[in-house]
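The values are calculated or read from the model by the stated rules, or taken from the named source; none is laboratory data. All of these numbers come straight from a predicted model, not from anything done at the bench. Positions of Cβ are generated from backbone atoms using ideal geometry, with glycine treated the same way; all protein chains shown enter the neighbour counts.
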Amino acid sequence: MTHDLCVTWNWEYDRTFLRLLGEACARRGRSLLEITPANLDASVARLAGGELRFRTLLDRASEEDPRILDVARWAAREGSGSINPYEQARRSWDKAEMHRAIFARIHTPYTIIIPSCAEAPELPPVDLGPLGDAFTIKPANGGGGAGVVVEAHALSEVSEARRRFPDNRYLLQTRVRPARLGGRSAWFRVISCCGEVFPCWWETQTHEYQAVTVAEESHHGLAPLRTLAASLAQICGLGLFSSEIALDEQGTFLVVDYANDPIDLRLQSETREGVPDAIVRFIAERLAAV
C-alpha cells in the first residue's frame, strides 16, 4: 500500500491538526499515513518488507523520539520527498549553527556564541561591551523558552545559565527594543509553509498570535517579513517552520529566532497560545497538496 503523505507525530496536542490534515487530504483524494509511537514498530517492519510505502514525509517527532528516525532513513533510501529533511532539520535545531549560516546574509541582533560547560568548564574571556547594557542568553538547542534569560546584564548570569544545560552552547544576543506600530510592539512570528508565508503579530509575554492583515502589512511597510521568510527557507531548507522577527527602533528588521521546527500547530480556538485557526487550516490544505 502506498500513501501520498506520511506524518510522524508523538505530541497529543497534534490531534486536531492531524484531523484537519486528514480531511484536507480526503478532499483531494489523497491518502494520509500517521505513524506514532503506538504503531511505529509495525510500520517500520512493513516499510522494510515493502508492504507499506509513502511518497512524502512530514516528520514532527524525531527530535524527541530518535526511534522515529528509522522512518526518515527509509524515506531517504527510497527517494521519498521530505517537507523538512532530517539533516536540514537537525541543523535548524542548533541555533548556533543557524546563526553561522545566516548572519552574513540576514540582519540579526549582535550575537556572541560561547562554548558549553562540557567543552569549556571555565567560561573563556568574553567582551560583553558590544552587546550593550542588556542582552539575552539562549541555549543553542531546545525550545519553548527553556533556559532562556530574557534580560541579562552581567557575566555571572552567563555562567549561571551555562550550568543549567551543561551540554549546550549558548548565544548571547543584544536585547532588541522593538518599535511601536499603531500602539503595538513590532515583534512578529512568521510561519513559512511550502512557499506560503503567514506573518503574525506576536506577544512575547503571553505568546499570543494575531494575523497581520493585508491593510496592516501595507500601512506599516511589513513586506520585508515575507522576503526574510523566503530567504530563511532557502538557507535552512525546511518546508514548514516559524521565525521570530522584530522591527527595532532604528527601523531595521532583525531575525531574532531563526527556524523553529517542529512548530506548535494547536488552534487558537482551543488554546490562547495557538495559531489562528485560519492559518492552521491553510497549512493543512497546503500540505495536503504537496
- Query: Is it fair to say VAL150 is more than 17 Å from SER242 (Cβ to Cβ), outside any helix (DSSP H, G or I) and touching a residue at least 12 places away in the same chain (Cβ under 8 Å)?
  - Reply: yes
Out of (1) assigned to a loop (DSSP other than H, G, I, E, B); (2) in contact (Cβ under 8 Å) with a residue 60 or more places away in the chain; (3) of a type in the set (A, V, I, L, M, F, W, C), the one LEU232 does not meet is (1)
When the stretch 95-117 is checked residue by residue, the ones that are of a type outside the set (A, V, I, L, M) and in contact (Cβ under 8 Å) with a residue 60 or more places away in the chain are LYS95, HIS99, ARG105, HIS107, THR108, PRO109, TYR110, THR111
Residue pairs within 6 Å by beta carbon, gap of at least six or interchain, first lying in the stretch 180-199 and under 18 Å from HIS219 (Cβ atoms), second small (Gly, Ala, Ser) and in a loop (DSSP other than H, G, I, E, B), listed first then second, are ALA186/ALA179
Within the stretch 254-273, of all residues that are out of contact with any Ser or Thr (no Cβ under 9 Å at 6 or more places or on another chain) and buried (at least 17 other Cβ atoms within 10 Å of the Cβ), the one modelled with the highest pLDDT is GLN268
If you check ARG286 against the conditions, is it at pLDDT 95 or above, among the basic types (Lys, Arg) and not in a loop (DSSP other than H, G, I, E, B)?
yes
Picking from ALA211, ALA140, the residue that is in contact with a helix residue (DSSP H, G or I) (Cβ under 6 Å, 6 or more places away or on another chain) and of a type in the set (Gly, Ala, Ser) would be ALA140
